[in-house]
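Before any comments, here is the structure.
The values are calculated or read from the model by the stated rules, or taken from the named source; none is laboratory data. The model shown is predicted, which means the values in this text are computed figures rather than measured ones. In this analysis, Cβ positions are derived from the backbone assuming ideal geometry, glycine residues included, and neighbour counts consider all displayed protein chains.
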Amino acid sequence: MKQQHPIVPPPELAAEWVAEIYGDPAIPLHPITLQLVERAARWGADQELEACCDWLDGVGDLEQQLRADRRLNPPSLKDRALKGLAKMIENGHLAPDLAAEIRTVVEMAPDE
């Protein structure tokens, strides 16, 4: 099963964990605390993936297949630029004719 999203616990679960740690469910979930929870979840998932890959070491190309299937590649610079361009157009920060010219240039860039 191809993973569709980065490893991020839902904010409700993060808030539950914070409430359990501090013993107070009324503590608001600060954005920095949420980032810490997300990093901890990713670190744990990465440790588990590495352990599984070590276990599969030498079994054909299963290790590479597992790693490729369980971790998404970050979006390319081109993809990020097109997404940013779309956001600028959506927010009215860019004239449509200029946006079309910029899109043409960005789309000509390689998909690296």
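Here are a few things to note about the model shown:
- Flag for ALA86 being aliphatic (A, V, I, L, M) and within 30 Å of ILE7 (Cα to Cα): yes
- Residue count, region 65-108 (criterion: surrounded by 11 or more Cβ atoms within 10 Å (Cβ to Cβ), modelled with pLDDT under 85 and not in a helix (DSSP H, G or I)): 4
- Among (1) surrounded by 11 or more Cβ atoms within 10 Å (Cβ to Cβ); (2) modelled with pLDDT of 85 or more; (3) more than 30 Å from PRO110 (Cβ to Cβ); (4) not β-branched (Val, Ile, Thr), the one test that LEU29 misses: (2)
- Exclusive hit being under 18 Å from the mean Cα position of the chain (by Cα) and of a type in the set (A, V, I, L, M), set LEU82, LEU62, LEU56, LEU98: LEU82
- So LEU36, is it touching a Leu at 6+ places or on another chain (Cβ under 9 Å) and either assigned to a helix (DSSP H, G or I) or under 30 Å from GLU12 (Cα atoms) (or both): no
- Positions within region 42-64 being closer than 24 Å to PRO10 by Cα and surrounded by fewer than 12 Cβ atoms within 10 Å (Cβ to Cβ), in sequence order: TRP43, GLY44, GLN47, GLU48, GLU50
- Hey, GLU38 closer than 30 Å to TRP17 by Cα and at pLDDT 90 or above or not: no
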